[in-house]
1. Identify, by number, the condition in (1) surrounded by fewer than 16 Cβ atoms within 10 Å (Cβ to Cβ); (2) closer than 29 Å to Ser332 by Cα; (3) of a type in the set (Val, Ile, Thr) that Val261 doesn't meet.
2. For region 196-214, which residues satisfy the criterion of being surrounded by fewer than 16 Cβ atoms within 10 Å (Cβ to Cβ) and out of contact with any strand residue (DSSP E or B) (no Cβ under 8 Å at 6 or more places or on another chain)?
3. If the Cβ limit is 6 Å and pairs must be 6+ apart or interchain, which residue in region 359-384 that is more than 30 Å from Ala128 (Cα to Cα) and in contact (Cβ under 8 Å) with a residue 24 or more places away in the chain pairs with which residue that is part of a loop (DSSP other than H, G, I, E, B) and among the β-branched types (Val, Ile, Thr)?
4. Could you count how many residues in region 149-186 are touching a Ser or Thr at 6+ places or on another chain (Cβ under 9 Å), among the small types (Gly, Ala, Ser) and within 23 Å of Phe135 (Cβ to Cβ)?
5. I'd like to check something: does region 267-281 contain any residue that is surrounded by 18 or more Cβ atoms within 10 Å (Cβ to Cβ), over 18 Å from Gln222 (Cα atoms) and among the hydrophobic types (A, V, I, L, M, F, W, C)?
6. Looking at region 237-255, I want the residues that are of a type in the set (Phe, Trp, Tyr) and have a partner that is in a loop (DSSP other than H, G, I, E, B) with Cβ atoms under 9 Å, at least 6 apart or on another chain. Which pairs are those?
7. Looking at region 267-321 only, could you name the residues that are in contact with a strand residue (DSSP E or B) (Cβ under 8 Å, 6 or more places away or on another chain), without any contact (Cβ under 8 Å) to a residue 12 or more places away in the chain and polar (S, T, N, Q)?
8. Exactly one of these conditions fails for Asn72: (1) touching a residue at least 60 places away in the same chain (Cβ under 8 Å); (2) closer than 15 Å to Phe157 by Cα; (3) surrounded by 15 or more Cβ atoms within 10 Å (Cβ to Cβ). Give me its number.
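The values are calculated or read from the model by the stated rules, or taken from the named source; none is laboratory data. Bear in mind the structure is a predicted one, so any value in this text is a computation, not a measurement. Positions of Cβ are generated from backbone atoms using ideal geometry, with glycine treated the same way; all protein chains shown enter the neighbour counts.
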Amino acid sequence: MNMIIKQDSELHKQMTSWRQTIHANPEIGFEEFKTAALVKAELEKAGVEIVAEQMAVTGIVAVVHGKKGGSNKAIALRADMDALPIHELTGAEYASKTDGKMHACGHDGHTTMLLGAAKYLHENNDFAGSVYFLFQPAEEGYGGAKKMIEEGLFDKFSIENVYGMHNWPGMPLGEFAVRGGPVMAAADQFEMTITARGGHGAMPHTTIDAVIVATQIVDAYQAIVARNVDPMDTAVLSVTQIHSGDAFNVIPETSYLAGTVRTFKEDVKQLIKARMEKIATNIAAMHDATVEFSYRDGYPSTNNDFEQAEFCQTVLHDMVGEDKVNPNMNPSMGAEDFSYMLEEKAGAYIMMGNGDSADLHNPYYNFNDKALPIGASYWVNLVETALK
């Protein structure tokens, strides 16, 4: 096992302190000012060159140049910094000090592992080429990766390949998963308002019932994935909100529906979108009601370059052994804005075991500090292999 940064080493202890400090001070998208300040201070203390600040409001880009000559190749490693609007229930000594915000997805750990790798590689830069460290804000629904790209991330810096990593609860500590092709789904949102004719609950014949229209639309939507999408493809359509009425004896005038669509292929997404609008419009018309339908594209699907995924597998095989690397993990229907970076540059996004922990986005979730040297060592091994 080629673990460069050891458990209980001084760097591990330092990373644990960073991680728990970040965890105690969670900040949601585009508000990561304290987190960015910590990252900047530790990079400067370590002597790591910062080449961009306040990119996408709070993002930081740093670089380490290898001391070996003969190569202009540059790669990038990315970590997300933001927290979630969740009330923490872990009871940890370093639990969130901000009520209603917590690091429930492990971005505190992601930031720390990249920071630890930057410090190590600055001190041990026996490679050729350059590695950029992307400390990205606002992954959780705000598209910080896209904003960094729009502000010239890949125009300002000649990056050839880009790599990302996410912790995975339930996967044993020290194990990884990486595959070519789709790894995370596209995540879209829809909403609609049905307008009918309200009236007295005891006189339904004088009304057009918006609740009936809404429930028939929800029921019909269940057949889209089951009967319109190719069974060899994967998709999810979930109605997650129904709001209508506020009295026991009033048939409401309007109903509101909202939810999410998750897909891996653009043609599947377009099929579902078209079917949803047609079904909603026609069911409403059947009842002499109307519907205002809205569909918003979210993050695109996260797709690993096959060659780069295989490269990452090789790095991990040398680091932890082939038996600890799963090349067949099923793609997640969750979404990730690292997808925008992978649309621009060939790279790969991998999963790293967080051990026996609560699920992501759960108020009891906590990043496993024992994973810190493992993830940081992966970054170091990846850089030393890619830029050897």
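1. Answer for Val261: the failing condition is (1).
2. Scanning region 196-214 gives Ala202, Met203, His205.
3. Pro363/Ile86; Tyr364/Thr90; Asn366/Thr90
4. Total meeting the criteria: 2.
5. Within region 267-281, none of the residues are surrounded by 18 or more Cβ atoms within 10 Å (Cβ to Cβ), over 18 Å from Gln222 (Cα atoms) and among the hydrophobic types (A, V, I, L, M, F, W, C).
6. Matching pairs, first to second residue: Phe248/Gly201.
7. Answer for region 267-321, where residues must be in contact with a strand residue (DSSP E or B) (Cβ under 8 Å, 6 or more places away or on another chain), without any contact (Cβ under 8 Å) to a residue 12 or more places away in the chain and polar (S, T, N, Q): there is none.
8. (3)
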